[in-house]
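As structure tokens, the structure follows; a few thoughts come after it.
All of the numbers you see were taken from the coordinates with simple rules; none came from a lab. Keep in mind that this is a model prediction, so the values were computed, not measured. Note that each Cβ is placed from the backbone with ideal geometry, even for glycine, and that neighbours are counted across all protein chains shown.
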Amino acid sequence: MNRLCIYPKDVSIITGKGLRWSQRLLRNIKFALNKSEHQYVTISEFADYMGIELHLIVAVCK
């Protein structure tokens, strides 16, 4: 089963930044996409926002 959502720990591994920075980045992405606080950011939304190819992110998240 594949995941749809991306979590701060995944963002931290992908970017090499800290966990707090990753949490802030996901909060900024939610704001940019006009999402509520309880909604998740999908892996494809993260890839589009960061300009990284989707298959690279999926490979790291597995």
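Beyond 15 Å, the tail of the calculated P(r) for the chain holds 44 percent of the Cα pairs. Computed over neighbours whose Cβ is under 14 Å from that of Thr15, the net charge equals +3, Lys and Arg +1, Asp and Glu -1.
A cut-off under 11 angstrom between Cβ atoms defines the neighbours of Glu45, and their net charge, with Lys, Arg +1 and Asp, Glu -1, is +1. Under the criterion of Cα pairs below 8 Å and six or more residues apart, the relative contact order for the chain equals 35 percent.
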